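The values are calculated or read from the model by the stated rules, or taken from the named source; none is laboratory data. Since the model is a prediction, treat every value here as computed from it, not as a measurement. We place every Cβ from the backbone using ideal geometry, glycine too, and count neighbours over all the protein chains shown. When the accessible area is computed, the model is the full protein with side chains, heavy atoms only, and any ligands, DNA or RNA have been set aside. Shrake-Rupley method; radii C 1.70, N 1.55, O 1.52, S 1.80 Å.
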Amino acid sequence: MKFRLTLIGALIASAVLAGCAGGSDDAPAAAAAGTTTLTPTRTIIMVWDGLRPDSVNATDTPNLYALRQSGVNFSDNHSTYPTFTMMNSSSFATGSFPKTSGFYGNTFWTPPQGSANTIPAGNGASGSAQDYQDPVFTEDYAVLATLNTYYGGQLLLVKSLFATAQAAGLTTATIGKSGAAYLQDLGQGGVFLDENTVQPRSLATELQNSGIALPANVVKNYSGADAVTLASSNGNPTARAGYITFNTTAYDPNGTLTVAARDSADTTQGAPEDAANKYMLSVYTQYILPKKKPMLSLIWFRTPDNVEHGYGPGTANMKAGLRSQDARLGELIAALRANGMDNSTNLVVVSDHGHSSVSGPLSLYPLRAITPSASLPNGTAVNGSTSGTSAASLGAVNANGYSFSGDVRSADLLTYRGFNAYDGSGCSTSAMYGLDANGNPTLPVKTDANGALCGTVNTKYQAISATKTSNPTARFTVPAPGSLPANGIVVAANGGSDYFYVPSHDAATVQNLVKVLQQREEYGAIFVDSRYGSIPGTLTMAQANLENGKRQNNGQPDVVVSFNWDADTSIQGMPGIEFESVGGQRGMHGSFGIADVHNTLIANGPSFQGGLTLTTPTGNVDVAPTVAYLLGLSMPQADGRVINEALVTPASKSQPNVAASTVSSSAASGLAFELPTDLTGATKDASLAAGTYTINMAVKDLSVDGKTYRYFDYAKAVRK
């Protein structure tokens with residue numbers, strides 16, 4: 001369905017100006033200089049998770065395309081590295097990098113080792129006990145609430161945009177993706193609805209009294225006198241189907257054991273979260289917007305990211321996700337118009353990061369066809385989406401096909417090389433470990449007949465460490481606190497980058513770890529805590545805004561590495577590939593690659609100029625301070641800036657100066673580079689005979705009003 005759209009950009013001339021407020025801690029910084037500022041203007045931030053700028057077009061995203069044409073297109077916007085959802089959620093919340101916010105999502109490790117140390121304890125959104133012994137995934141409101149308590153109410157070390165607005169007496173609302181939306185309002189001072197719950201408790205009552213269904217898991221959030229009883233007709237409005245998969249024997253040399261692969265040829269599922277997103281937006285447009293009239297809202301949906309992960313950028317279901325999300329934007333604009341708010345509301349559409357296809361080099365792992373299923377998947381429908389296993393099959397090498405490579409398990413590679421490494425997961429399989437041109441698997445699937453490797457008999461696994469002659473293993477769960485072996489390493493496997501924790505802080509262990517990462521061609525740029533001094537072929541975490549003194553021994557990794565990426569290789573017409581920490585995904589982000597770092601930012605409304613393509617660099621850290629300014633507030637602790645050059649009434653009319661440069665590491669030498677096709681490391685890359693490794697990090701420094709802001713374009717490992 002297409003929506004007729006009144007272009008908000010045409011209404012810019014209706015902006016109302018007022019004199020600045022004085023004397024308040026929340027007054028705009030520009031007020032001190034005596035300049036004028038906008039009257040607080042209602043602003044809605046809409047996050048399109050994982051939206052690549054090159055996915056915005058008149059066919060798949062007509063509403064967003066029109067919004068961009070008539071508003072401001074920020075053509076050089078930057079995601080915060082590592083380019084994960086929760087890392088950028090914290091940047092949207094605080095306008096800051098991890099060096100200031102102290103937050104390290106998506107997955108990080110909380111418990112320091114030692115018999116006297118405690119670890120967090122609490123349930124997840126589903127009501128089940130959450131494991132904090134292993135690295136924890138933070139896309140869960142209940143996990144974030146537990147961690148915030150664990151950190152004494154200081155999970156975010158600086159005041160957020162939403163807390164700033166609430167302190168000024170403004171009504172706020174957040175809805176959408178679990179975890180990412182909740183982090184915006186940790187203090188629970190506003191109206192909140194995500195895929196699992198509703199807050200405050202009174203809102204749940206209001207919605208039920210209005211005949212509006214609630215997320216099914218809301219009953220897990222309240223107990224005793226506050227317990228919620230769902231209506232018999234409530235259903236599960238935020239349920240979404242899992243990805244469509246097919247089984248292949250390609251990873252078993254004997255042609256018997258199967259591994260599940262994502263069916264990227266599927267065209268039946270569309271966006272499995274379409275109904276959930278439509279439900280949440282309807283609650284916002286039909287009740288929260290007209291009844292609560294929030295001055296600040298954030299709407300965050302997991303589209304198109306969810307379908308990009310499952311099927312890859314450029315695929316049919318991914319494009320269905322674009323159309324789904326664009327329909328939600330159309331519904332939002334229609335609701336603003338219906339409530340007479342379209343002339344007085346700013347819309348800021350932003351993505352947390354870009355997205356890449358998961359793949360190793362095509363010279364080693366050529367793309368392969370998938371023969372489409374002739375029948376529907378075998379699962380039941382979930383909120384209108386198909387589910388289950390299809391009858392698709394793996395085809396021959398085909399340049400227009402799909403990747404079956406790119407997965408890396410760091411804990412496995414390190415354990416094979418003699419480290420005590422753990423990532424919190426047991427035995428697993430993946431159809432993305434790699435098939436060469438002849439169909440030979442890089443890591444064959446096997447069965448643990450007696451349970452010695454996996455703990456359960458007849459469990460399938462893929463692990464190079466299972467081939468060790470001494471202490472073979474295929475599972476890498478973290479030992480209990482106080483039991484980690486000397487110089488052990490805990491890996492928080494995140495996707496396009498991995499975090500490495502070395503609780504002993506042993507310098508030799510870190511140096512040996514770095515050498516392995518440099519020699520394995522799956523890995524890219526390496527960043528190390530400054531406490532370890534100068535290690536050849538690395539940059540410090542401080543140089544990427546990743547070091548935080550309060551988190552150095554309690555949440556901050558010792559080493560962060562981006563997986564290797566290639567911006568020029570295309571799959572399904574979309575440029576950008578990267579390796580990922582094992583997960584069987586077809587699409588991923590989190591790396592320091594161009595396709596992940598360069599994301600979408602579009603703004604439209606009375607506060608913004610019209611028909612402008614802004615070429616000066618901007619970043620996700622700039623969104624919060626800019627929105628704060630539009631609300632008549634300020635965020636002096638933010639690392640980002642007010643993007644004045646996009647505004648009708650800027651806080652400052654100074655013109656920024658931009659200088660591009662490259663930050664390079666020293667060179668590591670004497671290395672023997674190991675091909676991804678041989679996980680033992682025995683097969684060296686003869687084309688890289690010099691044995692040197694360096695890092696080039698491309699940056700842009702923007703200087704304005706006596707301050708300099710650094711934006712990161714990419715960081716690339718250079719092997720020779």
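Roughly how big is the chain's charge dipole about its Cα centre, with Cβ charges of +1 (Lys, Arg) and -1 (Asp, Glu), in debye to the nearest 20?
680 debye
From the phi of every residue in the range 147-161, what ³J(HN,Hα) in whole Hz does the Karplus formula 6.51 cos²θ - 1.76 cosθ + 1.60 yield, where θ is phi - 60° and glycine or proline is x?
Whole-Hz 3J(HN,Hα) from phi for the range 147-161: 5, 5, 5, 4, 8, x, x, 10, 4, 9, 7, 10, 5, 8, 4.
Of all the Cα-Cα pairs you can form in the range 668-720, what percent are over 18 Å apart?
Working: 730 of 1378 pairs.
Everything past 18 Å amounts to 53 percent.
Take peptides 194-205, 299-310, 624-635, 513-524 and line them up by average Cβ neighbours within 10 Å, highest first, as a rough protection proxy.
Listed from highest to lowest mean packing, they are 299-310, 624-635, 513-524, 194-205.
Can you compute log10 of I(q)/I(0) for the range 412-556 with the Debye formula, treating each Cα as one identical point scatterer, at q = 0.09 Å⁻¹?
-0.33
What FRET efficiency comes out for Ser232 versus Ala58 if R0 is 56 angstrom and r is the Cβ-Cβ distance? Round to the nearest 0.05.
0.80
Of the listed peptides 156-169, 269-282, 590-603, what is their order by residue-averaged count of other C-beta atoms within 10 Å, with the highest listed first?
Descending packing order for the listed peptides: 590-603, 269-282, 156-169.
Quick one: with all protein chains in place, what share of the accessible area of the range 306-459 is carbon or sulfur, to the nearest percent (1.4 Å probe)? Walk me through the intermediate numbers first.
Numbers: 2510 of 5110 Å².
Percent of accessible area from carbon and sulfur atoms in the range 306-459: 49.
Enumerate the calculated ³J(HN,Hα) couplings along the range 45-51 in order (Karplus 6.51 cos²θ - 1.76 cosθ + 1.60, θ = phi - 60°), each rounded to whole Hz, writing x wherever the residue is Gly or Pro.
Using θ = phi - 60°, the values come out as 9, 10, 9, 9, 4, x, 6 Hz.
Taking only the alpha-carbon atoms of the range 104-162, what semi-axes of the equivalent ellipsoid follow from 5 times the gyration tensor eigenvalues under a square root, in whole Å, largest first?
They are 19, 15, 10 Å, listed largest first.
Run the dipole for the range 596-682 about the Cα centre, Lys and Arg Cβ at +1, Asp and Glu Cβ at -1, nothing else charged, and hand back the magnitude in debye, nearest 20.
460 debye
Which one, Asn236, Gly587, Thr456, projects farthest toward the positive side of the charge dipole computed for the chain from Cβ point charges (K/R +1, D/E -1)?
Asn236
Under 30 Å between alpha carbons, and skipping anything fewer than 8 positions from Lys720 in its own chain: which lysines qualify?
Excluding near neighbours in sequence, the set is Lys515, Lys684, Lys700.
Once the whole set of protein chains is in place, how much accessible area is left on Asp568, using a 1.4 Å probe, in Å² to the nearest 10?
It works out to around 130 Å².
According to a simple spin-label model (label point 7 Å from Cα along Cα-to-Cβ), what is the distance in nm between Thr683 and Asn450?
Each label point lies 7 Å from its Cα, and together they span 3.1 nm.
Note down the Stokes-Einstein diffusion coefficient of the range 447-502 in µm²/s, whole number, using a Kirkwood radius over alpha carbon pairs, 10 °C, and 1.306 mPa s. Let's see the in-between values first.
On the way: Rh = 13.1 Å.
Once the numbers are plugged in, D ends up at 122 µm²/s.
With both bridge residues required to lie in the chain, what share of the DSSP beta bridges run antiparallel, to the nearest 5%?
Beta bridges within the chain, antiparallel portion: roughly 65 percent.
So, counting K/R as plus one and D/E as minus one, what does the shell of residues with Cβ under 15 Å around Tyr532 add up to?
Every neighbour counted, the sum reads -2.
Step through the residues of the range 483-497 one at a time and calculate ³J(HN,Hα) from phi using the Karplus curve (6.51 cos²θ - 1.76 cosθ + 1.60, θ = phi - 60°), rounding each to whole Hz and writing x for Gly and Pro.
Each residue's phi maps through the Karplus curve to give 10, 5, x, 3, 6, x, 10, 9, 9, 8, 7, 10, x, x, 9 Hz.
Under Stokes-Einstein, with the Kirkwood radius over Cα pairs standing in for Rh, what whole-number D in µm²/s applies to the range 313-426 at 37 °C and 0.692 mPa s?
Diffusion coefficient, whole number: 172 µm²/s.
Please list the three semi-axes, largest first and in whole Å, of the ellipsoid equivalent to the range 228-323, using sqrt of 5 times the eigenvalues of its alpha carbon gyration tensor.
Over the Cα atoms of the range 228-323, the ellipsoid semi-axes are 36, 17, 10 Å.
Please state the charge dipole magnitude for the range 346-439, taken about the Cα centre, from unit charges on C-beta atoms (+1 on K and R, -1 on D and E), reported in debye and rounded to the nearest 20.
Values: 3 positive and 5 negative charges, 26 e Å.
Result for the range 346-439 is approximately 120 debye, rounded to the nearest 20.
Among Gly340, Ser297, Ser282, which residue has its Cα furthest toward the positive end of the charge dipole of the range 270-341, with +1 on Lys/Arg Cβ and -1 on Asp/Glu Cβ?
Gly340
From the convex hull of the Cα coordinates of the chain, what is the mean projected area in square nanometres?
30.6 nm²
Counting only heavy atoms of protein chains, what accessible area per residue, in Å², does the chain have with a probe of 1.4 Å?
34 Å²
Tally Lys/Arg at +1 and Asp/Glu at -1 over every other residue whose Cβ is under 11 Å from the Cβ of Ser661; what's the total?
After counting each charged neighbour, the total is 0.
Once you compute Rg and the Kirkwood Rh from C-alpha atoms, what is the Rg to Rh ratio for the range 327-379?
1.30
Any chance you could run the full-extension gain for Thr371 through Ser661? It's 0.36 nm times the residue separation minus the Cα-Cα distance, nm to one decimal.
Value of the extension gain: 99.7 nm.
Determine the order of Ile119, Ile333 by accessible area, beginning with the largest, at a probe radius of 1.4 Å. Please report the intermediate quantities before stating the final value.
On the way: Ile119 55, Ile333 5 Å².
Highest to lowest solvent-accessible surface, that is Ile119, Ile333.
Summarise the accessible area of the range 58-131 (1.4 Å probe, protein heavy atoms) by the percent that is carbon and sulfur. Spell out each step's value before the answer.
Numbers: 910 of 2010 Å².
With neighbouring chains kept in place, the figure for the range 58-131 is 45 percent.
Might you work out the accessible area of Thr171 for me, using a 1.4 Å probe with all protein chains in place, and round it to the nearest 10 Å²?
Result for Thr171: roughly 60 Å² accessible.
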